[in-house]
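The values are calculated or read from the model by the stated rules, or taken from the named source; none is laboratory data. Everything quoted here is computed from the prediction, not taken from an experiment. Note: ideal-geometry Cβ built from the backbone for every residue, glycine included; neighbour counts use all protein chains shown. Ligands, DNA and RNA are excluded from the accessible area calculation, which covers all protein heavy atoms including side chains. Shrake-Rupley method; radii C 1.70, N 1.55, O 1.52, S 1.80 Å.
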Amino acid sequence: MSIISNCTATSVNDAAATLIKGDLVAFPTETVYGLGADATNKDAIARIYKVKGRPVGHPLIVHISSLANLDKWARDIPEYAVNLARAFWPGPMTLILPRTDLAKDFITGSQDNVGIRIPSHTVALALLKEFEDQGGLGIAAPSANRFGAVSPTTASAVEIELADYLSENDQILDGGPCLVGVESTIINCTRDQPSILRPGAITKEMIEDALGITIDLNTLNSESVQIKAAGLLESHYAPNAKIFLTGSPALGDGFIALDSFTTPAGAIRVASPKSNEEYAQVLYEAFRWADIKGLRRIFVIPPTGDGIAVAINDRLTKSAFEK
Ligand code: TXA
Ligand code: MG
């Protein structure tokens, strides 16, 4: 496995060729790093599952470079989904749409729908464009972490997660730290009305503004049971340290809260974000830092309010869930 730290046109061409050959390329997106493979190559996709240690049958998101390629993967696209795509792509949003024959069972977990995303990170877009120029149709990419673990937001976090499992020809593209820091908003577009399956940086309010409708968040739980999605399991995004969302830290425990909260006596400050956006951006690296330092417990004061705070609270609740 090689780590490419200066992403030039040549290295992006080389990474695209690596994917075309059926090898894996971890690459930066604006949300988190993805572990990419040719979405039409069954053997390459099988390697993603192996490297991640992910149970077979969980669907993967297909990444494409532009709306022009959407029809290849999805059919019967509702008008509201087209409006969402126009409003928020490229960006941190995944749409679940009815699939075409191109989206095979090994991508969709045998469901009749497929998750599609156009990321906005310049390296991700350059890689997707080059991959398509070399004859590729889409890059399947789950977050580049072992199953159930914290998503990587830097290239070195990908290396820590996956170095033991990647092969000689696989690559990690280093595009710097991810700006958003939590995974994309997933929107179910297989019904009359959209619904949010996983909250992210494209918030409920932004979706409602773009479409001029109200979205019912109550459907979230009942739908999660029917739609297979690893990130919808109760326990996920978990560091080795145990996460507490209530109570006070004792001597040597970690502490994460907005900058305005003072560190309780004896606790080790792990992160002090100044805004909820920064909270999302630094959270996963903070978890990793705590694990590297061997902290056993991290006490977190969750952000309040709507917007990105909803996504942060969703991840915090899952990371704190008793395994
Ligand atoms: O921000 C992101 O979405 C990142 C970057 C790399 O794009 N990707 C990511 O992928 O978070 P992953 O596989 O770690 O999480 C995607 C979630 C999983 O829970 C998966 O089960 C769900 O999306 N998913 C994918 N396709 C789906 C589908 N057709 N129906 C329902 N859920 C789907
Ligand atoms: Mg993931």
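Of all the criteria given as (1) surrounded by fewer than 22 Cβ atoms within 10 Å (Cβ to Cβ); (2) under 17 Å from residue 151 (Cα atoms); (3) free of Cβ contacts under 8 Å to residues at least 60 places away in the same chain, the one not satisfied by residue 259 is (2).
Is it the case that segment 220-232 has a residue that's of a type in the set (D, E, K, R) and modelled with pLDDT of 95 or more?
Just the residues of segment 220-232 that are of a type in the set (D, E, K, R), to begin with: 223, 228.
Then keep just the ones that are modelled with pLDDT of 95 or more; that gives none.
No - not one qualifying residue is present in segment 220-232.
I need a count of the residues in segment 87-108 that are part of a loop (DSSP other than H, G, I, E, B) and under 30 Å from residue 205 (Cβ atoms).
So the first thing to find is which residues in segment 87-108 are part of a loop (DSSP other than H, G, I, E, B), and the list is 89-92, 100-104.
Next cut, under 30 Å from residue 205 (Cβ atoms) only: 89-92.
So the answer is 4.
All conditions but one from (1) assigned to a helix (DSSP H, G or I); (2) in contact with a strand residue (DSSP E or B) (Cβ under 7 Å, 6 or more places away or on another chain) apply to residue 59; the one that does not is (1). One residue stands out in segment 179-206 among those that are touching an Asp or Glu at 6+ places or on another chain (Cβ under 6 Å) and among the hydrophobic types (A, V, I, L, M, F, W, C): the one that is most open to solvent (accessible area, probe 1.4 Å), namely 179.
Conditions tested, residue by residue: (1) surrounded by fewer than 22 Cβ atoms within 10 Å (Cβ to Cβ); (2) modelled with pLDDT under 95; (3) closer than 27 Å to residue 92 by Cβ.
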residue	(1), (2), (3)
265	yes, no, no
294	yes, no, no
301	yes, no, yes
321	yes, yes, yes
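Taking the criterion of being more than 20 Å from the chain's Cα centre (by Cα) and open to solvent by 30 Å² or more (accessible area, probe 1.4 Å), the residues of segment 82-110 that qualify are 82, 83, 86, 99, 101, 102, 104, 105, 110.
Given the condition without any contact (Cβ under 8 Å) to a residue 24 or more places away in the chain, open to solvent by 10 Å² or more (accessible area, probe 1.4 Å) and among the aliphatic types (A, V, I, L, M), answer yes or no: does some residue in segment 72-81 qualify?
No, segment 72-81 has no match at all.
Taking the criterion of being away from ligand 1 (no atom under 15 Å from the Cβ) and open to solvent by 30 Å² or more (accessible area, probe 1.4 Å), would at least one residue in segment 138-155 satisfy it? Checking segment 138-155: not a single residue is away from ligand 1 (no atom under 15 Å from the Cβ) and open to solvent by 30 Å² or more (accessible area, probe 1.4 Å).
The set of residues in segment 8-17 that are closer than 21 Å to residue 142 by Cα and in contact with a Leu (Cβ under 8 Å, 6 or more places away or on another chain) comprises 12, 15, 16. Inclusion of residue 315 among residues that are on the phi < 0 side of the Ramachandran plot, open to solvent by 40 Å² or more (accessible area, probe 1.4 Å) and touching a residue at least 24 places away in the same chain (Cβ under 8 Å) is not warranted. Does residue 97 satisfy the condition of being of a type in the set (A, V, I, L, M, F, W, C), within 15 Å of ligand 1 (Cβ to nearest atom) and touching a helix residue (DSSP H, G or I) at 6+ places or on another chain (Cβ under 8 Å)? Yes; evaluated as a whole, the condition is true for this residue.
For segment 156-178, filtering for residues that are open to solvent by 60 Å² or more (accessible area, probe 1.4 Å) and over 25 Å from residue 317 (Cβ atoms) leaves 6.
Here's the yes/no breakdown for (1) within 16 Å of ligand 2 (Cβ to nearest atom); (2) in contact with a Ser or Thr (Cβ under 8 Å, 6 or more places away or on another chain); (3) closer than 22 Å to residue 179 by Cβ:
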site	(1), (2), (3)
103	no, no, no
115	yes, yes, yes
122	no, no, yes
129	no, yes, yes
141	yes, yes, yes
146	yes, no, no
151	yes, yes, yes
